[in-house]
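Note sheet for the following structure.
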Amino acid sequence: MTAGALRRAGALLALLASAACLAQEPQPAELLERMSRSLQSLEYEGVFVYVHEGRVDAVQVTRTQSPYGPVDRLVTLSGDRREVVRERGELRCLTPGGTVTASAGERFALLAPDPAAVGRLQESYRFTIAGRDRIAGYDATVIDATPVDALRYAYRLWLERASGMLLASMLREPGGGPVEQLAFTSLRLRESGLVPLDEAAAPAPAAPIGWQVADLPPGFRLIARPAAPEGSQHLLFSDGLASVSVYIEPRGGGLLGAARRGATHAYGRALDDAHVVVVGDLPAATVARIAASVRRDG
Amino acid sequence: MSNEPSLREQLSALADGELAPDQARFLLRRIDAEPALAAEWQRLHLARACLRRERIALPDVGFADAVAARIRAEAAPAALGGWRRTALGGAIAAGMAALALFAVAPRTDVAPTAAPVLAEVAPLDTRDLALRAAPGELQRASDRTWSPLPVAAPFDLRVESYFLRHGGAATAAPRGGFVPYVNVVATPAAAPPIPLRDPQSQGEAARR
Amino acid sequence: MSENEIDQALVLRVQAGERRAFDLLVRKYQHKVVGIVSRYIGDWAECQDVAQEAFIRAYRALGNFRGESAFYTWLYKIATNTAKNWLVSQGRRPPTDDVPVDDAVHLDAAVRLKDGSTPERELLRQEIEAAVTAAVDGLPEELKLAITLREVDGLSYEEIAESMNCPIGTVRSRIFRARDAIDQRIRPLLNDTESE
């Protein structure tokens, strides 16, 4: 065990000790694991409010599980009607401006039920229990995830105590105000009884990339290579809480410069005969920095 | 039916993992183009399973073709379809004109009709959000002067598809896992919300 | 290159966006996957649908496949869990005992007919099995030995060459000739319906 690992283990113990004050409160790590696992079997329907960029939206969400995978449906109840449906491997986004469809990958548990996965998370965030709360009628444990650097958001997560379901969340800029807040106002949770397809954590994909993302924030790893059109690549990196997509496409791609959706930022640039677009749940500066660091391997 | 013995012999070696990588690559491409080779590959493994006395069942005729057809059908990772008009109401082509507009941060675009009169929205947020652990934070941005209401980002399906695909893949963030695509659905809307002068007149507006 | 490594090479191609490489994995494993699913789901048509679904879900999940475990072990898990979930969604209870991954147990026909196979398909399967056995029995001794060392004992060409005291090229050609002989016996059985 390295000194760093020992320090981290020590920090974890200290965290455990402080958390023990809150009698029978689940540990942050435990809750995050539970959350990760329950993603695959929970069914729910509810309405959440979503505060972003000076707007408040109300969104209705339902998730049912089927042997053909989860079925998600989100519909905005405010503003223009926008709808996202995920079913049988297809994502459809219906908006007043048109429809976009994309293929949806399978979601496997992100965090393996092993301490190593949680340990990796602690490379990037310090976890503390902020207290208890009640959201949409459910008891929540509130967890703060404070990033170790200024490259990512700080998270406050309200997790349902039994299932680990996310009841509310707040994302803050490093040292700044909230960039995005979300909370269920009504919610019904059900356990579907279906088993996850593969209990293992999302593993690192094996294929060589041919590209280098030279300046990823520490703690980020390649976790998936979702299907992409031939000649293009989609690389997904994550530090366990935040994730960032890197799209590498033939020249003539769709975004030059910056774009934003709530706390998700995008940045696109041309690179030789390719086009690079980075989309991440990260501050704008981090996303731009990642985009600037993409280069060909070797 | 392929009558080329060397190619079939290579197929046999490929199934055993005994073909040099460059030959394997070449052969795999040949199989893609030659259904007879693919069928032979299939029979070879059926025979292998029999020799190993593995538990097997014969699938429907055309099983593999049916799977391949479904994969082709869903293979386009970002198909753009049915797009008609931008959220701002004008027809624009998917392309650079739209991208240039899109790259502008939403806050700097002020809808000419939207600026005044939106006094009642914020107090509602804090109550409903139940963010008691962090009181006051929500209002910070706008508790003295109202920032202009954000208008819609001009709609560009290609840009939209990046966010959509990211939302589809990003299971990492807990928010992305439980309320996926939230950033996709909740893009600032085009039409400014109906001004809330006071609750009563809003009720009247609704009845009308 | 082991069998796992071949699968891995195909997986890499799929991950790199070559979707057709997945077809070879389907053709390679379809008999086994339908065999697994049929253990859970007795109805033939349902069994086919669920097996197809298992492949589709594996395809979608391939972006997450790590390559640390064998592809077939992973596919096996997806197939069993897809079948179990199908039963749950139908209000039926899936069996609690799992078949071991490397289930090479040969079950008799009476047991088999209880699972997802039509009598015709089951009959055909038995015919094919018999044809394979007959073909191997009829092979010249050196071809028979080569194919047995390869398919049953899982030896590499190099190991077989050593054991048979001949060059690797000869091993390769003997194995091919053995397979060709087997293929000539089973192709007509499948030909009228499913071979191009």
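Search the structure for amide H atoms under 5 Å from the amide H of A:His275, placed 1.01 Å from N in the peptide plane, and list their residues when 5 or more places away or on another chain.
Under 5 Å from the amide H of A:His275 lie the amide H atoms of A:Glu249, A:Arg251, each far enough along the sequence or on another chain.
Which of A:Asp273, A:Asp239 has the fewest other C-beta atoms within 10 Å, and how do the rest follow up to the most?
Values: A:Asp273 8, A:Asp239 25.
The fewest-first ordering by Cβ neighbours comes to A:Asp273, A:Asp239.
Can you work out ³J(HN,Hα) from phi for every residue in region B:52-68, in order, using Karplus 6.51 cos²θ - 1.76 cosθ + 1.60 and θ = phi - 60°, giving whole Hz and x for Gly and Pro?
Computed from phi, the couplings for region B:52-68 are 8, 6, 7, 7, 9, 9, 7, x, 3, 4, x, 4, 4, 5, 5, 5, 4 Hz.
Please average, across the residues of B:30-42, the number of beta carbons from any other chain that are within 10 Å of each residue's own beta carbon, and give a whole number.
Numbers: counts 0, 5, 6, 1, 1, 2, 2, 2, 6, 7, 7, 4, 10.
Other-chain Cβ atoms within 10 Å of each residue's Cβ, averaged: 4.
Return the sequence-ordered ³J(HN,Hα) values of region A:177-182 in whole Hz as given by the Karplus equation 6.51 cos²θ - 1.76 cosθ + 1.60 applied to θ = phi - 60°, using x for Gly and Pro.
x, x, 9, 6, 9, 8
When the chain is fully extended, how far beyond the present Cα-Cα distance does A:Glu30 get from A:Arg296, taking 0.36 nm per residue of separation? Working shown, then result.
Working: separation 266, 0.36 × 266 = 95.76 nm, distance 3.95 nm.
Residue separation times 0.36 nm, minus the Cα-Cα distance, leaves 91.8 nm.
Amide H of A:Glu90 versus every other amide H placed in the peptide plane: which residues, excluding those fewer than 5 positions away on the same chain, fall under 5 Å?
HN-HN under 5 Å from A:Glu90: A:Ala104.
Read phi for every residue in region C:40-57 and hand back ³J(HN,Hα) as whole Hz from Karplus 6.51 cos²θ - 1.76 cosθ + 1.60, θ = phi - 60°, with x for Gly and Pro.
After applying 6.51 cos²θ - 1.76 cosθ + 1.60, I find 9, 10, x, 6, 4, 5, 4, 4, 5, 4, 5, 4, 4, 4, 4, 5, 4, 5 Hz.
Please state the relative contact order of region C:2-79 as a whole percent: Cα pairs under 8 Å, 6+ residues apart?
Over region C:2-79, the number comes to 34 percent.
If each of B:Arg72 and A:Leu271 carries a label point 7 Å out from its Cα toward its Cβ, how far apart are those two points in nm?
Simple spin-label model gives 3.3 nm for this pair.
Bear in mind that the values in this text are calculations on the coordinates, not laboratory data. Only a predicted model underlies this, so the values are computations on that prediction, with no experimental measurement involved. All Cβ positions, even for glycine, are placed from backbone atoms using ideal geometry, and neighbour counts span all protein chains on display.
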